[in-house]
Amino acid sequence: MEELDIIKKVFLLGLSKREEGETMEETLGTLVATGMFDMKEAKQVLKELRDAKYIVGDNLSMTGVIEADRAEKEFKQ
């Protein structure tokens with residue numbers, strides 16, 4: 001499995017921490033508000049993560065959950 005870049009790790013972690021019932025658009029808005037990227041870039045990252053099967057539909061796949069957990073541990077170091 002390829003190493004994810006920091007933006008994709010933050011994106012997956014953000015999805016894993018979203019509130020119950022929060023839509024993908026709301027989550028994208030929250031991530032954009034961090035200033036890490038604009039909406040166009042956020043949608044591109046979302047597409048790439050979906051294509052790589054880290055996100056299925058609007059939810060993390062098992063692989064996405066594992067990567068989000070890894071990112072959280074990495075950021076806490």
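The values are calculated or read from the model by the stated rules, or taken from the named source; none is laboratory data. On a predicted model such as this, the values are computed, not experimentally measured, just so you know. Neighbour counts are summed over all protein chains in view; Cβ atoms, including those assigned to glycine, are modelled from backbone coordinates with ideal geometry. When the accessible area is computed, the model is the full protein with side chains, heavy atoms only, and any ligands, DNA or RNA have been set aside. Shrake-Rupley method; radii C 1.70, N 1.55, O 1.52, S 1.80 Å.
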Inset, instruction - Pull out the extension gain between Ala33 and Lys76, defined as 0.36 nm times the separation in residues minus the alpha carbon to alpha carbon distance; nm, one decimal. - result: 13.3 nm
Inset, instruction - Compute the distance in nm between two label points, each set 7 Å from the Cα along the Cα-to-Cβ direction, one at Asp69 and one at Lys53. - result: 1.9 nm
Legend entry - Vicinal HN-Hα couplings computed from phi for region 49-62 (Karplus, 6.51 cos²θ - 1.76 cosθ + 1.60; Hz; Gly/Pro x): 5, 5, 4, 8, 6, 7, 10, 10, x, 10, 10, 5, 7, 4
Inset, instruction - Compute the accessible area per residue over the chain, keeping the other protein chains in place, probe 1.4 Å, unit Å². - result: 66 Å²
Inset, instruction - Please build a GNM for the chain, connecting alpha carbons under 10 Å apart, and tell me which residue among Gly35, Gly57, Gly14 fluctuates the most. - result: Gly35
Legend entry - Value of relative contact order over region 11-77, rounded to a whole percent, pairs C-alpha under 8 Å and six or more apart: 36 percent
Inset, instruction - Beyond 18 Å between alpha-carbons counts as too far, so tell me which of Lys40/Lys73; Lys17/Lys76; Lys47/Lys76 fall in that bin. - result: Lys40/Lys73; Lys47/Lys76
Legend entry - Lys53, Lys43, reordered so the largest accessible area comes first (probe 1.4 Å): Lys53, Lys43
Legend entry - Shape category assigned to the chain from the gyration tensor of Cα positions, a/c cut at 1.5: rounded
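Computing the accessible area with a 1.4 Å probe over protein heavy atoms, can you report the carbon and sulfur percentage for the chain? Display every interim value, and only then the final one.
Numbers: 2630 of 5050 Å².
About 52 percent, which is the carbon plus sulfur part of the accessible surface.
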Legend entry - Amide H partners (placed H, <5 Å) of Ile55, local residues excluded: Arg50, Ser61
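Report the gain in length on full extension from Thr23 to Ile7: 0.36 nm times residue separation, minus Cα-Cα distance, nm rounded to one decimal. Intermediate values should be presented prior to the final figure.
Numbers: separation 16, 0.36 × 16 = 5.76 nm, distance 1.99 nm.
Between Thr23 and Ile7, full extension yields an extra 3.8 nm.
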